[in-house]
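Down below is the structure, laid out as structure tokens.
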Amino acid sequence: MTLSRLLSHWALPAAALVFFVLAVIVPAVRVRVRTGVWPIVVGRSAAPHQRLVAWLMRGFGVAVVAWLAAYAARGPAAVGVIALPPAVGWAGWALVAASLVVLLTAQAQMGAAWRIGIDERATPLVTHGLYRLVRNPIYSAMDLVLAGAVLIAPSPWSLAAALAVAVALAVQTRLEEQHLVALHGDAYRAWAARVGRFVPGVGRLRG
């Protein structure tokens, strides 16, 4: 296998693995070491909607791994990737890299409060750094990472996955907002009235 063929088959799966390690494993271990709490709590809640979210995440993860395995083994064209000018792919890689920096910065600023899922235990309300601009910079960055991935590997499958994740994040955000209002009350309401949900100034809570 030539170098160009090797890169075309393995660059995206390798980048996905790096993303998973940096965006999930590293912050989870960091919170565990700092607090003794394992922060991946999705599926532990007794709430039916959170258990459903956990199963959907597992199913989505299996589908993504299978798609990336086929991508690596058989090449982009075999999994429906459309050939576009190289500049589109490079723009996608640039967007992924920039968004990953934002995501990792937001995770670091969230510190011990970072979770995957809704933790029934109390966590502090983080309003500094990127959280002065938007309430969910991690989710905003994830949407942009997925948009970059669509540019890198444009296909009906990658587009459908990106849209599905965007919808899932929007739903999860509303559930988390309900939890945070119950946990932090007026402090959360005041912050949410000033700061947008995913984009600065857009999606502020009112009333």
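Give the number of residues within segment 105-136 that are basic (Lys, Arg), in a loop (DSSP other than H, G, I, E, B) and either within 19 Å of the chain's Cα centre (by Cα) or under 23 Å from Arg194 (Cα atoms) (or both).
2
Do we find that Arg135 is at pLDDT 95 or above and either over 22 Å from Val42 (Cβ atoms) or touching a strand residue (DSSP E or B) at 6+ places or on another chain (Cβ under 9 Å) (or both) in this structure?
So Arg135 fits the description; yes.
Do we find that Arg115 is surrounded by fewer than 18 Cβ atoms within 10 Å (Cβ to Cβ), of a type in the set (Lys, Arg) and in contact (Cβ under 8 Å) with a residue 40 or more places away in the chain in this structure?
Details: surrounded by fewer than 18 Cβ atoms within 10 Å (Cβ to Cβ): no; of a type in the set (Lys, Arg): yes; in contact (Cβ under 8 Å) with a residue 40 or more places away in the chain: yes.
The answer is no for Arg115.
For segment 56-93, give me the residue count where each residue is outside any helix (DSSP H, G or I) and either touching a Phe, Trp or Tyr at 6+ places or on another chain (Cβ under 7 Å) or hydroxyl-bearing (Ser, Thr, Tyr) (or both).
The number of residues fulfilling the criteria is 1.
Confirm whether Ala161 is touching a helix residue (DSSP H, G or I) at 6+ places or on another chain (Cβ under 9 Å) and at pLDDT 95 or above. Spell out the reasoning first.
Values: touching a helix residue (DSSP H, G or I) at 6+ places or on another chain (Cβ under 9 Å): yes; at pLDDT 95 or above: no.
It is false that Ala161 is touching a helix residue (DSSP H, G or I) at 6+ places or on another chain (Cβ under 9 Å) and at pLDDT 95 or above.
Can you run down the residue pairs with Cβ atoms below 8 Å, 6 or more apart or on separate chains, where the first is in segment 182-207 and farther than 15 Å from Leu130 by Cβ and among the hydroxyl-bearing types (Ser, Thr, Tyr) and the partner is in a loop (DSSP other than H, G, I, E, B) and at pLDDT 95 or above?
So the pair list comes out as Tyr188/Leu125.
The values are calculated or read from the model by the stated rules, or taken from the named source; none is laboratory data. Here the structure is a predicted model, which is why all the values come from computation and not from measurement. Reconstructed Cβ throughout: ideal geometry from the backbone, glycine too, with neighbour counts over all protein chains shown.
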